[in-house]
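Readers should treat all values here as calculations from the given coordinates under stated rules, not as data from a laboratory. Because the structure is predicted, anything quoted here is derived from the model rather than measured.
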Amino acid sequence: MRFSEIRNHLSKFRVGIAGAGGLGSNCAVALARCGVGTLVVTDFDIVEEANLNRQFYFADQLGMEKILALKQNIERINPEIKMIVHKIMLNSKNVPEIYKGCDVIVEAFDRADMKEMLIETVQTMMPGIPLVVGSGMAGWGKNELIKYRKIDDLLYVCGDETTEVSEEVPPMAPRVGIVSHMQANVVIDILMKKR
C-alpha cells in the first residue's frame with residue numbers, strides 16, 4: 001500500500017490524546033506526520049525548560065500552554081490535521097464528553113492515579129474504544145525491556161512496565177520517544193484494520 005493511500009485512510013479517523021507531555025506531544029506529532037485526520041489533545045500545563053529534554057516543544061515556546069504550542073507545531077508539520085485542544089484537568093466525568101467520537105484514545109499521563117482513572121473511565125463509560133497506555137519509560141538504555149503488550153481486545157500497553165520516574169531515573173528523550181512512537185504505531189495498526 002502506498003503512503004498516499006495510507007494517509008487517505010488515516011485522514012478519516014479521530015484520535016484522543018490524554019496529556020501533552022513527553023508521551024503525548026511526541027505521539028501526536030508521529031500521528032500527524034502519518035496523516036491521522038483529527039487529534040483531540042487535553043492538557044492543563046505550560047511548557048517549562050525542564051520539558052525540553054523530552055517533549056516536542058522549543059525554547060521560544062517556554063511559558064506557552066502546551067496544547068497551544070503543540071497545535072502550533074503540528075500545524076507547521078501538517079496543516080491538514082484538525083486539532084481540537086482542551087486546557088482542562090481530566091476526570092471521570094469529563095473524559096467521555098471530551099473524547100466522544102474518538103476511534104482510539106492514547107494515555108499520556110505522568111501520574112499513576114490519572115492513568116488508572118482514564119483506563120477505568122474508558123473501559124466502563126466508553127465501551128468499544130481502544131486505549132493505548134504507556135508504562136515504564138524512565139532512564140536510558142535497556143532497549144530490550146521496552147515492549148508492546150495487548151492486554152485484551154481494547155487495552156494495549158507500551159513500555160517496560162516497571163521503570164518508574166525518580167530523581168535518579170529521570171524521563172529522557174530516547175526512551176520516552178521510543179514508547180511514544182510505539183504508542184503511535186499501535187494506534188496506526190488499529191486504524192489501518194478499521195474500514
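For region 3-192, the gyration tensor built on C-alpha atoms gives a rounded shape. Its axis ratio a/c (a ≥ b ≥ c) stays under 1.5.
Could you tell me what percent of the DSSP beta bridges with both partners in region 3-192 are antiparallel, to the nearest 5? Provide the component values of the computation, followed by the final result.
Working: 5 of 25 bridges.
DSSP beta bridges in region 3-192 are roughly 20 percent antiparallel.
Taking a ≥ b ≥ c as the square roots of the eigenvalues of the Cα gyration tensor, region 1-102 is oblate, since a/c reaches 1.5 or more and a/b is not larger than b/c. I'd like the antiparallel share, as a percent to the nearest 5, of DSSP beta bridges with both residues in region 14-83. If I count the DSSP bridges inside region 14-83, around 10 percent turn out antiparallel.
Under a Gaussian network description of the chain, with springs only between Cα atoms under 10 Å, the residue in Leu39, Leu131, Leu155 that fluctuates furthest is Leu155. Of Lys66/Lys115; Lys100/Lys194; Lys115/Lys150; Lys82/Lys147; Lys66/Lys142; Lys100/Lys193, which sit over 23 Å apart, Cα to Cα? In this structure, Lys82/Lys147; Lys66/Lys142 lie more than 23 Å apart at Cα.
Taking Glu75, Glu167, Glu97 as the candidate residues, the one with maximal mean-square fluctuation in a Gaussian network model of the chain, Cα springs under 10 Å, is Glu167.
Under the criterion of Cα pairs below 8 Å and six or more residues apart, the relative contact order for the chain equals 23 percent.
One Cα centroid belongs to region 1-53, the other to region 67-135; the line between them spans 10 Å.
Stretched out fully, how many nm does the piece from Ala173 to Asn53 gain, at 0.36 nm a residue minus the Cα gap?
Working: separation 120, 0.36 × 120 = 43.20 nm, distance 0.59 nm.
Result for the pair: 42.6 nm of gain on full extension.
Rounded, prolate or oblate: which fits region 105-195, taking a ≥ b ≥ c as square roots of the Cα gyration tensor eigenvalues, rounded meaning a/c under 1.5, else prolate when a/b beats b/c?
Numbers: a/c = 2.51, a/b = 1.49, b/c = 1.69.
Judged from the Cα gyration tensor, region 105-195 comes out oblate (a/c at least 1.5, b/c at or above a/b).
Within the listed set Val41, Val165, Val29, the residue fluctuating most in the Gaussian network model of the chain (springs between alpha-carbon atoms under 10 angstrom) is Val165.
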